[in-house]
C-alpha cells in the first residue's frame, strides 16, 4: 500500500472513533505500521492539523503508541520528519530526543513544535551538541536563553551563537561579556555599549556552593581549580583558589583584576598551585578580560612567589589586601 493509500485509509475512518482507528492501525503488519508512522509524520510536516482538533487528538495518542514498538531506524527517521512539523506531539519528540540509540537530540532541539517547557527540559538535561542547536534557534523563551548563558561559562562553543542572537538582552549580553574572548567582547561592547574589556569574573553563590561540596568530599585540588578555568568557569576557579589558599573570595577577585601578575602568582602559590601551571592561569584570566597574553618568560617577582610556602604566600596576599583597604578607607 502506498503512503497516500495509508493516509486515505486513516483519514477515511471516523476520527471521532479513536478506538476503531487504533484497532485498524495495530491490525496492520509491523512493517506497514512503520510505514504508516512515517507517512503520518510527513503529513504533519506539510499540514498544520491544529485546525482539526479531533485529528490532532487522535494523532497525539496514536503516534506515540505506534512509535513505541518501532525499530531504531524507523524511530530515527520519525524524529527527523517530526522536526520539520509545525505541530507534533511534544512528549513523543522529547522521548525520541532522549533515546540514546538515535542521536537525534540536536535535531529535535530545532523543532518548531517545541514549547517553552520542552525547550527548557532539553536545555537542562541534554548534552553540548543539543545546547549548541538550541542556541541557534531563531527565537528562544527568556528562561531558556538564561539557562544557555549560564551553560556558556563551561561550554565556550555556546558563546558565539548566543552573542549574535537578535533577541539578546543587555543584561544577558553583560553576563556573556564576562565570559567572552577579545573578539566577542568587542562585538558585545559595540552592540550594547559595554566596557571594551570584560570585568573580572564574578564569584557567584552557585560556584561557592559547588566548591563547598567538593571540599567536603575531599575532591578540591589545585588541578581541579585549573581545569575549571580551562573549561571557562572563572567563578569556580576563584572560589576554589580562595578556599585552597584560605583567602577571602574578594581578595582573590582583586588579584584577578590586577594588571601586574605578581599578586595573582602569590594567590596561586598560596593555593599550592604548581609554578608550571601559572602561564595557563595568566593566559585564561587575561583572555576573560579581553587582554592579549604576553608569552615572555615569567618575571623574577612571579618566580619568587612560587618559591614561598603556601602559608607564606597567603600571608603576603592578606597583607597587601589590608594595605589597599586602609588606603581607600574614606576619612
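The values are calculated or read from the model by the stated rules, or taken from the named source; none is laboratory data. Computed from a prediction, not measured in an experiment: that's the story for all the values here. Positions of Cβ are generated from backbone atoms using ideal geometry, with glycine treated the same way; all protein chains shown enter the neighbour counts.
General remarks:
- Restricting attention to the stretch 161-197, the residues that are part of a loop (DSSP other than H, G, I, E, B), at pLDDT 75 or above and surrounded by fewer than 18 Cβ atoms within 10 Å (Cβ to Cβ) add up to 5.
- Members of the stretch 42-67 that are at pLDDT below 75, part of a helix (DSSP H, G or I) and out of contact with any helix residue (DSSP H, G or I) (no Cβ under 7 Å at 6 or more places or on another chain): 46, 51, 53, 54, 57
- Residue selection: residue 76 satisfies the criterion of being over 25 Å from residue 155 (Cβ atoms), touching a residue at least 12 places away in the same chain (Cβ under 8 Å) and outside the structural domain of residue 146 (by TED's automatic domain parsing).
- Among the conditions (1) at pLDDT below 85; (2) closer than 21 Å to residue 154 by Cα, residue 259 misses just one, which is (2).
- Qualifying positions in the stretch 92-107 - part of a helix (DSSP H, G or I) and over 20 Å from the mean Cα position of the chain (by Cα): 92, 93, 95, 96
- Residue tally, condition modelled with pLDDT of 90 or more and more than 25 Å from the chain's Cα centre (by Cα), over the stretch 218-254: 6
- Odd one out for residue 35 among (1) at pLDDT 75 or above; (2) farther than 23 Å from residue 75 by Cβ: (2)
Per-residue answers, yes or no, for (1) in contact with a helix residue (DSSP H, G or I) (Cβ under 6 Å, 6 or more places away or on another chain); (2) closer than 28 Å to residue 283 by Cβ; (3) without any contact (Cβ under 8 Å) to a residue 60 or more places away in the chain:
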| residue | (1), (2), (3) |
| --- | --- |
| 116 | no, no, yes |
| 142 | no, no, yes |
| 147 | yes, no, yes |
| 158 | yes, yes, yes |
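- Conditions (1) in a helix (DSSP H, G or I); (2) surrounded by fewer than 16 Cβ atoms within 10 Å (Cβ to Cβ): number failed by residue 112: (1)
- Test for residue 276: is it farther than 16 Å from residue 236 by Cα, more than 29 Å from the chain's Cα centre (by Cα), loosely packed, with under 15 Cβ neighbours inside 10 Å and at pLDDT below 90: no
- So residue 112, is it out of contact with any helix residue (DSSP H, G or I) (no Cβ under 9 Å at 6 or more places or on another chain) and over 26 Å from residue 284 (Cβ atoms): yes
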